[in-house]
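The numbers here are math on the coordinates, done by the rules we state, and not lab data. For clarity, every value in this text was computed on a predicted model and none was experimentally measured. Note that we place each Cβ from the backbone using ideal geometry, even for glycine, and neighbour counts take in every protein chain shown.
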Amino acid sequence: ARTLSEISWTYLANGNTHMALQYALKSIQAHQKIGSNRGIGLSLNAFAAIEAVKGHAKTAIEIAAAAEHFANQKGVAIELGINNHGTRYLDNAKKGLTQDEIETAEEKGINYSLKDILEIVENRAKLKPRENAFVQKLEHAVEENLSDSTFGVSQLSVSVAMSQIQVYRKLKELRNQSPSQFIRNYRLQKGLKLLRTSDKTVSEIAYEVGFADPNYFSRIFTKEFSKTPTEYRYD
């Protein structure tokens, strides 16, 4: 099965920084529990890349330096992300900074403890109460109409008493997703869970989470998670 860190990188590559951040945090916490220092380092570099993409250049450099320092202290080799994906993001972040700013950020990052880093990640991952309530309303609306393949953006907007353009702007701000992407990703996450927790066929799951065509469900599932539904279930 794909690791939480790998899923984080996939979401980041697809431009979904919110979900990338959620999985980076889950990955850090999971590796912390089992004491996998290399895993923590890779997860932290995923977070550093997310910060770079979001324009938080100094924090990105701080976290990357902290990840490397943390891993080296434990005698573990550190990589800049899965297959060195992180290098490109961090190099872009450095372009907008002076050499002094880069060195200051790296020095600051070296002095971070894992607790310090987790506080930063958790703070970034949190939504403000009002924003969280907005997202929860949208999720509730999709959940209530999960098996209805005709449920779309117009119905989603009605559920929160906002215009389609207002919902679009708010979701782009909070999750860098369009409303249609939000609905699709919610359905996919539900399908992901059912593949592991039920013995229903892939077609049955596809219909249950709102896909009228099981083949289409399989195609976009594979594109999103780099495994077919069947491979994910039995891997």
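Write out the trypsin sites (Lys or Arg not before Pro) in segment 124-195 meeting two conditions: DSSP loop, and at most 12 other Cβ atoms within 10 Å of their Cβ.
Details: sites: Arg124, Lys126, Arg130, Lys137, Arg169, Lys170, Lys172, Arg175, Arg184, Arg187, Lys190, Lys193; in loops: Lys126.
For trypsin sites (Lys or Arg not before Pro) across segment 124-195 that sit outside H, G, I, E and B with at most 12 neighbouring Cβ atoms in 10 Å, the list reads Lys126.
Given Lys26/Lys126; Lys33/Lys95; Lys58/Lys190; Lys54/Lys227; Lys190/Lys227, which pairs have Cα atoms separated by over 25 Å?
Working: Lys26/Lys126 13 Å; Lys33/Lys95 36 Å; Lys58/Lys190 36 Å; Lys54/Lys227 28 Å; Lys190/Lys227 16 Å.
Going by Cα-Cα distance, Lys33/Lys95; Lys58/Lys190; Lys54/Lys227 fall outside the 25 Å limit.
Top mean-square fluctuation among Lys115, Lys26, Lys58, Gaussian network model of the chain, C-alpha springs under 10 Å?
Between Lys115, Lys26, Lys58, it is Lys115 that shows the largest mean-square fluctuation.
Positive end of the charge dipole of the chain (Lys, Arg +1 and Asp, Glu -1 on Cβ, about the Cα centre): tell me which of His69, Leu188, His140 has its Cα farthest that way.
Value computed over the given set: His140.
Please pull out the direction-averaged projected area of the chain, using the convex hull of its alpha-carbon atoms, in nm² to one decimal place. Walk me through the intermediate numbers first.
Details: hull surface 54.6 nm².
If I average the Cα hull's projected area over directions, I get 13.7 nm².
Putting +1 on Lys and Arg Cβ atoms and -1 on Asp and Glu Cβ atoms, find which of Leu118, Phe211, Leu171 reaches farthest to the positive end of the dipole of the chain.
Phe211
Placing +1 at every Lys and Arg Cβ and -1 at every Asp and Glu Cβ, with all other atoms neutral, what dipole size does the chain have around its Cα centre, in debye to the nearest 20?
Details: 31 positive and 27 negative charges, 77 e Å.
With Lys and Arg at +1 and Asp and Glu at -1, about 380 debye.
Please compute one quarter of the surface area of the Cα convex hull for segment 101-232 and express it in square nanometres. Provide the component values of the computation, followed by the final result.
On the way: hull surface 44.5 nm².
For the Cα atoms of segment 101-232, the hull's average projected area reads 11.1 nm².
Using Cα pairs closer than 8 Å and at least 6 residues apart in sequence, work out the relative contact order for the chain, in percent. Don't jump to the answer; show the numbers that get you there.
On the way: 278 pairs, mean separation 37.9, N = 235.
Relative contact order here is 16 percent.
Can you put Ser163, Ser149 in order, fewest other beta carbons within 10 Å first? Could you put the intermediate results ahead of the total?
On the way: Ser163 12, Ser149 16.
With the fewest neighbours first, Ser163, Ser149 line up as Ser163, Ser149.
Suppose every K and R has +1 on its Cβ and every D and E has -1 on its Cβ; what is the size of the dipole of segment 1-66 about the Cα centre, in Debye to the nearest 20? Show your work: numbers first, answer last.
Details: 6 positive and 3 negative charges, 26 e Å.
Around 120 debye, computed over segment 1-66.
Is any residue of segment 143-169 close enough, with backbone N under 14 Å, to a label point placed 7 angstrom from the Cα of Glu208 along the Cα-Cβ axis, and if so, which?
146-148
Remind me, relative contact order of segment 129-234 in percent, using alpha carbon pairs under 8 angstrom and six or more residues apart? It would help to have the intermediate numbers written out before the result.
On the way: 85 pairs, mean separation 25.4, N = 106.
Dividing the mean separation by the residue count of segment 129-234 yields 24 percent.
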